[in-house]
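As structure tokens, the structure follows; a few thoughts come after it.
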Amino acid sequence: MLEYLNHPLLKKDTIERRRYQENIIATCAKKNSLVVLPTGIGKTIIALGIVAHRINKDKNRKALIMAPTKPLVEQHLKSFSDLMDPEQIDTKQFEILTGKVAPAKRGDIYKSSKVIFATPQVIENDIIKGTIDLSQFSIIVFDEAHRTTGDYAYTFIAKKYAEQAETPLILGLTASPGSTKEKIGAICGNLYCENVEIRNEDDWDVKPYIKTTKVEWIKIEFPDEFKKISKYLENAKKRRIQLLMSLNIIKDAQLSKRELLELSGKLRAIVAKDRNPIYFKAISDTAACIKLNHAIELIQTQGVLQLEAYIEKLKKDSTKASKTLLSDDDVKQASILTSYLASKDRKHPKLLKAVDIVKGKVNNGKKAIIFAHYINTVDLIIKELEKDKNLRPVKFIGQKKGNTQKKQKETLDLFRTGKYNILVATSVAEEGLDIPKVDTVIFYEPIPSEIRTIQRRGRTGREKEGEVYILVTKGTIDEAYYWSTRNKERKMKTVIDSLRKNFSNGDVEIKINRKAKNQSSLESFNKKKKEIKIFIDHREQKLIRLLSETKEIEAVRKQLDVGDIIISDRVGIERKEVKDFLQSIIDKRLFRQIVALKDTFEQPLIILEGKNLYGIRNIHPNAIRGALASIACDFGIPVIPTRDLEETKDMVIALAKREHDDKKEISLRGTRRSKTEKEVQEYIISGFPDINIKLSRRILEKFGTIKKFVNAKEEKLEKIEGIGKEKARKIKDIADADYRKNAS
């Protein structure tokens, strides 16, 4: 006879009673815990049971359930609403909070709600702004807890909850915590875990509920013609690797993509100090190797059509590395053969195999998901599937090119109702979306991530037996990923088993801050009003988070028109990470931002944050030095270097303290400081195409007035140093253009 889970707040005779769930609920209701369970055996039920226990125990407090995406948040709301007894708990007090709910409304929702379902970014923002009082929550659930590392919002929220809550209880849920002791340890430490509950498919109390998932790795022959293309590309790469080795720049001929990228950065840093032409050649060869790596992966794992598209993209690339690469004889031969095979519609055998598999599996209401890495591969798979009238595939990709979250949901609803029976998806379908259960999952290629592999595999075998097929092209990078994933999964199981034993024996090497509540920062969350108020642009979330923990500074999040940080009416700061600084030189945003900053603030500043200014982009060091010199000399704006965000935070605090010594208040100005007549003239001239402040001064020195400048003939303009024929023509076009015609 079937037994059911009983609790005053849960619907009677609704939830099947499972011993392992009861045991986990009983333990996790008492102490902070990480629960690691295979996909599809009831992590949500465990969360539901513990939340029900905590709410029933302390009726004055609330529960918070977080998940990384809105669809997953909505899925949790539905599960809780369907399984909790509305006669015992008012389900109208269950609320969803995502970025679409206006911040002004969220404060009232926190007060009136009993159970809140939210994305972590919303909670993080509201902690910083003081909108949410975490002491009111008796439990917080962190779904997909493997994300609780680094700068992800979960880490910050757990820390603040442990500090503020009077009776905190943290529950982390995941199916795939990672393959290293360090990573799993970091998750446990960041969630202040005192307990880890781990079950796998082989545990006696779980085994009866596991539905068999057959996993088959299908080896695909690599066509001889594709091998020939791959060989050409490998030869081109080999020559460049040998050159790098002959220069003693590298010692190992087998460099991964990550190692090549790291080498590129190191070489650019060297070039900033040593102008030896050898290093410039090495940079170009390294860049070519990175591109060849990608081309080889495409022909091996995807096919000629994808490689042809990439070669066309390289032809449009103006960089020296791409031009040199395309002139290589081996690359030319690869390109010719690729175009020929593409014209003959030669398909990668994976494509035909994937279609063959689903033809035999998708019938009588059965459904399948095909995972592919590249969007153009998704398109090719759908095109091939549509040749069979019984197959009804639909494309499912990330939110780009108008593919909104709403459209994603509509697609999934149609897949659920049976209009489509095959979902062809990129990685977006791995986690965080309510993907309908399917009978068959196909990996178009292996992926070198044990977490993502487990998530993909978990899309089947939930309520009934499922099948997983992973396509591996023999003798290619597919095989390397195949072994990498299998080894990582094996290692993860070993680490998890070791972790379980350590916790059960009380011998835990993880450093956990169990005293977090007692260490509650009389600095971070005291009731005393902070002395100094500054404004920070709403996009500077990480900096706002850091400043929220300081004693004196109140960082107010605002949408700023000019700059990133306003210290006072007088001082405004543009914060530039090194990557963004270099990109803003390329796309010419930098000087527009600088002009606006100087026009707005009496004392503008630039904080340049990060390392390797001369090494991370293929920009000539002299161009970078020229930009810095112009900022300092032409605009008179100091550039303050910082190593990282932490140092930026310290610098902002120092500037704020110095500027507010006299306790003056700051107002968020919408107007710019008044300019002298001379500055106004320079500003107007610098508004013409490709004219900076320095050139505008040269023009005014020559013509004297703005009127004489705009009335001057092109020949006279061309004689000004820095203008030239093309720029002179643009100036005259703008000066003579009829605004009314343009407006219409």
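Give me a comma-separated list of calculated 3J(HN,Hα) values for the range 73-81, in order, Karplus coefficients 6.51, -1.76, 1.60 applied at θ = phi - 60°, integers in Hz, x for any Gly or Pro.
Per-residue couplings from phi come out as 4, 5, 5, 5, 4, 4, 4, 5, 5 Hz.
For the chain, what is the calculated [θ] at 222 nm in deg cm²/dmol (nearest 500), taking -39500 (n - 2.57) for each run of four or more DSSP H residues and dividing by its residue count?
On the way: 29 runs with 354 residues, N = 744.
Mean residue ellipticity at 222 nm (helix-derived): -15000 deg cm²/dmol.
Just want the answer: with Cβ charges of +1 for Lys and Arg and -1 for Asp and Glu, which residue in ALA67, ILE435, ILE585 is farthest toward the dipole's positive end in the chain?
ILE585
Using the eigenvalues of the Cα gyration tensor, what equivalent ellipsoid semi-axes result for the range 248-297 when each is taken as the square root of five times the eigenvalue, whole Å, largest first? Can you show the working numbers first?
Numbers: eigenvalues 80, 23, 17 Å².
Those come to 20, 11, 9 Å.
In whole angstrom, and with the biggest value first, how far do the Cα coordinates of the chain range along each principal axis?
The Cα atoms of the chain stretch 98, 74, 59 Å along their principal axes.
Would you mind ranking LEU261, LEU597 by Cβ crowding within 10 Å, fewest neighbours first?
Working: LEU261 15, LEU597 22.
The most exposed by this proxy come first: LEU261, LEU597.
Can you bin the range 532-659 into rounded, prolate or oblate? Criterion: square roots of the alpha carbon gyration tensor eigenvalues sorted a ≥ b ≥ c, rounded for a/c under 1.5, prolate for a/b above b/c, oblate for the rest.
prolate
Going down the table (LYS407/LYS474; LYS237/LYS316; LYS558/LYS708; LYS78/LYS211), which pairs top 32 Å between alpha carbons?
Details: LYS407/LYS474 37 Å; LYS237/LYS316 21 Å; LYS558/LYS708 43 Å; LYS78/LYS211 24 Å.
LYS407/LYS474; LYS558/LYS708, as the Cα separations exceed 32 Å there.
Would you grab the residues whose amide H sits under 5 Å from the one on ASN421? Only those 5+ places off in sequence or on another chain, please, with H modelled 1.01 Å from N.
Long-range HN contacts for ASN421: ARG392.
List the aspartates and glutamates whose Cα lies under 15 Å from the Cα of LYS181, skipping any in the same chain that are fewer than 8 positions away.
Result set, ordered by chain and number: GLU450, GLU489, ASP497, ASP507, GLU509.
Taking the Cα of LYS211, stepping 7 Å toward and past its beta carbon, and measuring to each backbone N in the range 462-497: which are under 11 Å?
The answer is 462-467.
For a Förster distance of 30 Å, can you work out the FRET efficiency between the beta-carbons of ASP108 and GLU22, rounded to the nearest 0.05?
Values: r = 37 Å, r/R0 = 1.24.
The calculated FRET efficiency here is 0.20.
Provide the FRET efficiency to the nearest 0.05 for the LYS409-ASP82 pair, computing r from the beta carbons and using R0 = 22 Å.
Values: r = 18 Å, r/R0 = 0.83.
For R0 = 22 Å, the calculated efficiency reads 0.75.
Using only C-alpha atoms and all pairs of different ones, pull out the Kirkwood radius for the range 600-653 in Å with one decimal. Display every interim value, and only then the final one.
Details: mean 1/r = 0.0805 Å⁻¹.
Answer for the range 600-653: a Kirkwood hydrodynamic radius of 12.4 Å.
State the answer as a single residue: which of LEU171, ALA104, ILE55 lies farthest towards the positive end of the charge dipole of the range 19-209, with beta carbon charges of +1 for Lys and Arg and -1 for Asp and Glu, about the Cα centre.
ALA104
What GluC sites (Glu not before Pro) in the range 353-424 are in a loop by DSSP, with at most 12 other Cβ atoms within 10 Å of the Cβ? Could you put the intermediate results ahead of the total?
Numbers: sites: GLU384, GLU386, GLU410; in loops: GLU386.
Within the range 353-424, the qualifying GluC sites (Glu not before Pro) (loop, at most 12 other Cβ atoms within 10 Å) are GLU386.
Could you tell me which of rounded, prolate or oblate describes the range 186-285, using a ≥ b ≥ c as the square roots of the eigenvalues of the alpha-carbon gyration tensor, with rounded for a/c under 1.5 and, failing that, prolate when a/b is larger than b/c and oblate otherwise? Before the final figure, lay out each step's value.
Values: a/c = 5.34, a/b = 1.66, b/c = 3.21.
Oblate, because a/c is 1.5 or more while a/b does not exceed b/c.
For the chain, what is the charge dipole size about the Cα centre, in debye to the nearest 20, if Lys and Arg each add +1 at the Cβ and Asp and Glu each add -1 at the Cβ?
Numbers: 143 positive and 106 negative charges, 222 e Å.
So the magnitude is around 1060 debye.
If you take every DSSP beta bridge fully contained in the chain, what fraction is antiparallel? Give it as a percent rounded to 5. Don't skip to the end; give the middle numbers.
Numbers: 6 of 73 bridges.
The answer is about 10 percent antiparallel.
Would you mind estimating how fast the range 1-160 diffuses translationally, via Stokes-Einstein at 4 °C and 1.567 mPa s with the Kirkwood radius over Cα pairs, in µm²/s?
Working: Rh = 16.2 Å.
Here the translational diffusion coefficient equals 80 µm²/s.
With Cβ to Cβ distances under 13 Å as the rule, what net charge do the other residues near ILE109 carry (K, R +1; D, E -1)? Write out the running numbers ahead of the final one.
Numbers: positive: LYS62, LYS92, LYS100, LYS105, ARG106, LYS111, LYS114; negative: GLU95, ASP108, ASP126, ASP133.
Around ILE109, the surrounding residues sum to +3.
Computed over the Cα atoms of the range 677-743, what is the ratio Rg over Rh, Rh following Kirkwood? Can you show the working numbers first?
Working: Rg = 11.5 Å, Rh = 12.1 Å.
We get a ratio of 0.95 for the range 677-743.
Defining a contact as two alpha carbons under 8 Å apart and six or more residues distant in sequence, what relative contact order in percent does the chain show? Intermediate results must be reported in sequence, preceding the final value.
Numbers: 1142 pairs, mean separation 85.1, N = 744.
In percent, rounded to a whole number, it is 11.
If you take every residue apart from ASP205 with its C-beta less than 9 Å away from the C-beta of ASP205, what net charge results, scoring Lys and Arg +1 and Asp and Glu -1?
Taking every other residue near ASP205 into account, the sum is +3.
I'd like the FRET efficiency for ARG239 and ASP151, computed as 1/(1 + (r/R0)^6) with the beta carbon distance as r and R0 of 45 Å, rounded to 0.05.
Values: r = 41 Å, r/R0 = 0.90.
Step by step, r from the Cβ atoms, then E = 0.65.
Unpartnered cysteines of the chain (Cβ-Cβ under 4.7 Å counts as a partner)?
That list is CYS28, CYS289, CYS633.
I'd like to know which of PRO448, ALA282, LEU341 lies farthest towards the positive end of the charge dipole of the chain, counting +1 on Cβ of Lys and Arg and -1 on Cβ of Asp and Glu.
Looking along the dipole axis, the top candidate is LEU341.
Let me know the shape class of the range 364-470, please: from the alpha-carbon gyration tensor, a ≥ b ≥ c as square roots of the eigenvalues, rounded when a/c is under 1.5, otherwise prolate if a/b is greater than b/c, or oblate.
Because its axes are fairly even, with a/c under 1.5, the range 364-470 counts as rounded.
What order, most packed first, do the peptides 98-104, 491-497, 138-144, 450-456 have when packing is the mean number of other Cβ atoms within 10 Å of each residue?
In descending order of packing, they fall as 138-144, 450-456, 491-497, 98-104.
Only the coordinates and a few stated rules stand behind these numbers; no lab work does. Nothing here was measured: the structure is a model prediction, and the numbers come from that model. Neighbour counts run over all protein chains shown; Cβ positions are idealised from the backbone, glycine included.
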